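Novice: After the structure tokens below, expect a handful of questions from me.
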Amino acid sequence: MKTLNQLAIAAMTAGAILAAPVANAQDLVFLSTQLRPIDEAQKVREVLLKGAPKTTYVVEEPPQFAVRMKAEQAAGKRTISLMGALHGELQPLAPTASLDAIDDVAAKLSASGIPAGLMELGKLGTSTQQYIPWMQATYVLVVRKEALPFLPAGADVNALTYEQLAAWGKAIQDKTGQRRIGFPAGPKGLFARFLQGNLVPSYTGSMVTEFRSAAAEKGWTDFKALWATVNPNANNYNFMQEPLMAGEVWIAWDHIARVKDALTAEPDKYLVVPPPAGSQGRAYMPVVAGLAIAKDAPNRAQAAAVIEHLLKPATQIATAMEVGFFPVINAPLPADLPAGVKLLADGIAKTQGAKDAIVALLPVGLGDKGGEFNKVYFDTFQRIVLRGEPVRAVLDSQAETLRALMTQTAAPCWAPDKPSQGACPVT
Amino acid sequence: MPQPRWLPYLLIAPSVAFLAAFFLVPLGQTILLSFDGGQGFSLANYARMAGDLNFPTALRNTFALVIVVIPLQVGLALVMGLMLQKMTRGRELVLWIWTIPLGVSDLAAGLVWLAILQDSGYLNTLLFQFGLISGPTAYLNSETPIALFFAVVLAEVWRATAIVLIILVAGIQLIPKEFGEAADIFGASPWTKFRKITLPLLKPSLQSALILRTVLAFEVFAVVYALGGRNFPIIVGEAYTWQNENQNYGVAAAYAVLVMAISLAATVIYLKALRVDPEAQA
């Protein structure tokens, strides 16, 4: 089987090398899983990398990113120097020694004001800096103002609960005949993140351990009621900006980068508010993207220079304005921010600053099982909400799958679950 | 000068090498991968596949599609082919128009039909303008499985009937005209001529067309993905999801082997059921 794996990796390497854009030996290759859509990638090339050492910016889907890093390492021939990816995507690369320690770069950036907690995340549990935080985002609710007259009495749009959101959706449905709440539950949507990062921890204060608790049962039951007012096309939505712009959906949950076009096109039409709260609080998922240098990078010095360039206040602010990811450094956003971006910035501030906020981190330590972790949540949703199976029975059986996954990967608990010795338990 | 006996082998050697390198090797790897449970040989991937939430639905949907789409396509192609045969003028033009979908990729065809059938698509716009509906009507979500199924059938029939048509037109042209003329002399009706002459002589072409289309129908993916996304699970779609989203290559390989087994079984069934006389295969 080992030979087979080697063969497969060799084939993948050949593919990766053939597919790589032509780059001069001196050019730095910067591979990123973030800012992938063509217009965003162009903005990186033309705006954000302006003034940086000559860089070839290449994008890759997250699964292919992992394959390519593995293949280059196995082949012993690095083409990539700099990597930009989410915390959870860089995490599995640390144990395979694909990342170069970059304490020197971190030291140079010590005055930039990156919060210590964020910098610590970049160590990926090791004693050295594995990546430098690059930019951050989160998931919010975007509300079209047409929906406001239907808001249930006593509900504060900036501090909604799941029950109030369901009542709101129902009021809209009763009065307009349309189901106007939207979730990106399509094949490329980030709906699993909603279930893991917002819904379940809002009710249980946990992402893994309390998966089948009575509190989780209540959360899923509430969500099933809420889903009755969700637009039936939700299972086809990948990005929420299109249905928002079309007016098909009035209240949408999504990643800020995936609603930015709607907000910048018509900022007067929208509000950006924190996601709803459950019985334990208002769980939200911060998204941190980092910059890492590959082990044996062909252009390490240049890669370090590009990192410094991307963390300059001017570049960080440009990043927020151009692609809607927010600064990780202490860089006050200018007062003349475009209205849509300002809405997003305020929405993030309201989410992070909510009194009942619970931070739910992206799944950590699952290695290449991240997809199956998402599947546990999505299958639970399918069975409970779409197929109407009994909540208790579904949670019990899916908890078994989750427990097997945690045992197999031996991933210890991450926030909001309490730290564990060994694999994170499912009670 | 007589040709050396090894010449034919030399000439087909490149294509054999090509097939071996890019078809047989990956095929072998896929089969091995599907039986790899981490610690040597195991059926774990197959158990995982069969126990998955979407497996029964994917299997049912794929077979339902094949059962509905294939007869429709063969019937349509037969009618179209016979119509072409009767035409004296403009035959080339009609054939050319009918085969346009052949040049469209699966995904593009799916997207074309998505543009027609989605909420704000052409169909709804038209129905709205004629006052037949009061607002956007959804056809392609999990709450409208039957409409979604027929949307996929429609798109598949539109996209892939042309290949059956081409094979049948070629077959019809091979039928000697004398047979028809002789039948006319004996006063045979068109239906009798179709049943007793055209259909039996078309059997080799029908067999090829059926095998080709059925195998491809079991592998349907892009059209369904464009129209239904996750709302209409199919076998190849599940393989894609396991590979790409769940990142479990073993289960994806098990799905791939399943598709291959079904395709092989279908081919054997056609070869047996439509046994063609060796003389007719000339």
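Novice: Does segment A:374-383 contain any residue that is open to solvent by 30 Å² or more (accessible area, probe 1.4 Å) and assigned by the TED database to the domain that holds A:Gly51?
Specialist: no
Novice: Sticking with this one: B:Gly171 fails exactly one of the following numbered conditions: (1) more than 14 Å from every other protein chain (Cβ to nearest Cβ); (2) over 13 Å from B:Val224 (Cα atoms); (3) open to solvent by 30 Å² or more (accessible area, probe 1.4 Å). What is the number of that condition?
Specialist: Going through (1) more than 14 Å from every other protein chain (Cβ to nearest Cβ); (2) over 13 Å from B:Val224 (Cα atoms); (3) open to solvent by 30 Å² or more (accessible area, probe 1.4 Å) one by one, B:Gly171 breaks only (3).
Novice: Determine, yes or no, whether B:Leu202 is assigned by TED's automatic domain parsing to the domain that holds B:Gly38 and buried (at least 19 other Cβ atoms within 10 Å of the Cβ).
Specialist: no
Novice: Of everything in segment A:352-409, what is over 27 Å from B:Asn141 (Cβ atoms), small (Gly, Ala, Ser) and either modelled with pLDDT of 90 or more or touching a strand residue (DSSP E or B) at 6+ places or on another chain (Cβ under 7 Å) (or both)? Give them in sequence order.
Specialist: The answer is A:Ala354, A:Ala357, A:Ala360, A:Ala399, A:Ala404.
Novice: Which ones in segment B:26-50 are away from every other protein chain (no Cβ under 14 Å) and either open to solvent by 60 Å² or more (accessible area, probe 1.4 Å) or without any contact (Cβ under 8 Å) to a residue 12 or more places away in the chain (or both)?
Specialist: Listed by number, the residues that qualify are B:Leu43, B:Ala50.
Novice: For B:Leu93, indicate whether it is open to solvent by 60 Å² or more (accessible area, probe 1.4 Å), away from chain A (no Cβ under 14 Å), more than 17 Å from the chain's Cα centre (by Cα) and closer than 30 Å to B:Lys203 by Cβ.
Specialist: yes
Novice: Next question. Any residue at all in segment A:365-387 that is more than 19 Å from the chain's Cα centre (by Cα), in a helix (DSSP H, G or I), within 14 Å of another protein chain (Cβ to nearest Cβ) and of a type in the set (Lys, Arg)?
Specialist: Yes, segment A:365-387 contains at least one residue that is more than 19 Å from the chain's Cα centre (by Cα), in a helix (DSSP H, G or I), within 14 Å of another protein chain (Cβ to nearest Cβ) and of a type in the set (Lys, Arg).
Novice: Out of B:Leu84, B:Leu53, which single residue is over 23 Å from B:Ala266 (Cβ atoms), within 14 Å of chain A (Cβ to nearest Cβ) and surrounded by 16 or more Cβ atoms within 10 Å (Cβ to Cβ)?
Specialist: B:Leu53
Novice: Identify all residues within segment A:84-100 that are farther than 24 Å from A:Gln196 by Cβ and either of a type outside the set (Gly, Ala, Ser) or crowded, with 24+ Cβ neighbours inside 10 Å (or both); write none if there are none.
Specialist: Once the filter is applied, which keeps residues that are farther than 24 Å from A:Gln196 by Cβ and either of a type outside the set (Gly, Ala, Ser) or crowded, with 24+ Cβ neighbours inside 10 Å (or both), segment A:84-100 yields A:Thr96, A:Leu99, A:Asp100.
Novice: While we're here: Against the condition over 12 Å from A:Arg144 (Cα atoms) and assigned by the TED database to the domain that holds A:Tyr203, how does A:Asp268 come out, does it pass?
Specialist: In short, no.
Novice: Please work out which residue is most open to solvent (accessible area, probe 1.4 Å), limiting yourself to segment B:125-167 and to residues that are free of Cβ contacts under 8 Å to residues at least 12 places away in the same chain and either aromatic (Phe, Trp, Tyr) or touching a strand residue (DSSP E or B) at 6+ places or on another chain (Cβ under 8 Å) (or both).
Specialist: Of everything passing the filter in segment B:125-167, B:Phe130 is most open to solvent (accessible area, probe 1.4 Å).
Novice: Same structure again: May I ask you to list the residues in segment B:174-199 that are surrounded by 12 or more Cβ atoms within 10 Å (Cβ to Cβ) and among the aromatic types (Phe, Trp, Tyr)?
Specialist: Residues satisfying the conditions are B:Phe179, B:Phe194.
Novice: Tell me whether segment A:111-129 contains one or more residues that are at pLDDT 90 or above and in contact with a Gly (Cβ under 9 Å, 6 or more places away or on another chain).
Specialist: Checking segment A:111-129: at least one residue is at pLDDT 90 or above and in contact with a Gly (Cβ under 9 Å, 6 or more places away or on another chain).
Novice: Give segment A:42-64 a look and list any residue that's surrounded by 22 or more Cβ atoms within 10 Å (Cβ to Cβ) and either modelled with pLDDT under 90 or within 14 Å of chain B (Cβ to nearest Cβ) (or both), or say none.
Specialist: none
Novice: Go through segment A:101-122 and give me each residue that's more than 30 Å from A:Ala277 (Cβ to Cβ), assigned to a loop (DSSP other than H, G, I, E, B) and open to solvent by 50 Å² or more (accessible area, probe 1.4 Å).
Specialist: A:Ser110, A:Ala111, listed by residue number.
Novice: Let me ask something else about it. Test of understanding: among B:Tyr255, B:Tyr249, which residue is closer than 26 Å to B:Gly37 by Cα, in contact (Cβ under 8 Å) with a residue 40 or more places away in the chain, among the aromatic types (Phe, Trp, Tyr) and open to solvent by less than 40 Å² (accessible area, probe 1.4 Å)?
Specialist: Working: B:Tyr249 fails: open to solvent by less than 40 Å² (accessible area, probe 1.4 Å).
After applying the criteria, what remains is B:Tyr255.
Novice: Could you give me the residue pairs with C-beta distances under 9 Å whose first residue belongs to segment A:281-305 and is part of a loop (DSSP other than H, G, I, E, B), whose second residue is of a type in the set (Asp, Glu) wherever it lies, and which are 6+ apart or on separate chains?
Specialist: From residues that are part of a loop (DSSP other than H, G, I, E, B), the pairs are A:Gly281/A:Asp356; A:Lys295/A:Asp100; A:Asp296/A:Asp100; A:Ala297/A:Asp100; A:Asn299/A:Asp27.
Novice: Where in segment A:164-233 are there helices (runs of 4 or more DSSP H), lying fully within it, with 2 or more residues that are open to solvent by 10 Å² or more (accessible area, probe 1.4 Å) and either within 14 Å of chain B (Cβ to nearest Cβ) or not aromatic (Phe, Trp, Tyr) (or both)?
Specialist: Filter on segment A:164-233 gives A:191-194, A:214-227.
Novice: Under 9 Å between Cβ atoms, which residue pairs at least 6 apart in sequence (or on different chains) link something in segment A:225-246 that is under 11 Å from A:Ile181 (Cβ atoms) and outside the structural domain of A:Glu146 (by the TED database) with a partner that is surrounded by fewer than 21 Cβ atoms within 10 Å (Cβ to Cβ) and of a type outside the set (A, V, I, L, M, F, W, C)?
Specialist: Filtered contacts from segment A:225-246: no entries.
Novice: Of the residues A:Ala159, A:Ala185, A:Ala153, which single one is modelled with pLDDT under 95 and under 16 Å from A:Val272 (Cα atoms)?
Specialist: A:Ala159
Novice: Which ones in segment B:1-25 are aromatic (Phe, Trp, Tyr) and away from chain A (no Cβ under 11 Å)? Before the answer, list the steps.
Specialist: Filtering segment B:1-25 down to residues aromatic (Phe, Trp, Tyr) leaves B:6, B:9, B:18, B:22-23.
Selection gives B:Trp6, B:Tyr9, B:Phe18, B:Phe23.
Novice: If we scan segment A:73-88, do we find a residue that is part of a loop (DSSP other than H, G, I, E, B), within 19 Å of the chain's Cα centre (by Cα) and in contact (Cβ under 8 Å) with a residue 12 or more places away in the chain?
Specialist: no
Novice: I'd like to check something: does segment A:134-149 contain any residue that is hydroxyl-bearing (Ser, Thr, Tyr), within 14 Å of chain B (Cβ to nearest Cβ) and either open to solvent by 10 Å² or more (accessible area, probe 1.4 Å) or under 30 Å from A:Ala303 (Cα atoms) (or both)?
Specialist: Checking segment A:134-149: not a single residue is hydroxyl-bearing (Ser, Thr, Tyr), within 14 Å of chain B (Cβ to nearest Cβ) and either open to solvent by 10 Å² or more (accessible area, probe 1.4 Å) or under 30 Å from A:Ala303 (Cα atoms) (or both).
Novice: In segment B:208-235, what count of residues is obtained for those that are of a type outside the set (A, V, I, L, M), more than 14 Å from every other protein chain (Cβ to nearest Cβ) and open to solvent by 20 Å² or more (accessible area, probe 1.4 Å)?
Specialist: 2
Novice: I'd like the residue in segment A:306-328 that is crowded, with 22+ Cβ neighbours inside 10 Å and in a loop (DSSP other than H, G, I, E, B) and, out of all such residues, is modelled with the highest pLDDT.
Specialist: Residue satisfying both the conditions and the ranking: A:Leu311.
Novice: Condition first: within 34 Å of the chain's Cα centre (by Cα) and either within 14 Å of another protein chain (Cβ to nearest Cβ) or among the aliphatic types (A, V, I, L, M) (or both). Now tell me which residues in segment B:116-132 satisfy that.
Specialist: B:Ile116, B:Leu117, B:Gln118, B:Asp119, B:Ser120, B:Gly121, B:Leu123, B:Asn124, B:Thr125, B:Leu126, B:Leu127
The values are calculated or read from the model by the stated rules, or taken from the named source; none is laboratory data. Small disclaimer: the values here were computed from a predicted structure and weren't measured. Methodologically, a virtual Cβ is constructed for each residue, glycine included, from the backbone with ideal geometry; neighbour enumeration extends over all protein chains shown. SASA here: full protein model, heavy atoms, side chains in, ligands and nucleic acids out. Shrake-Rupley method; radii C 1.70, N 1.55, O 1.52, S 1.80 Å.
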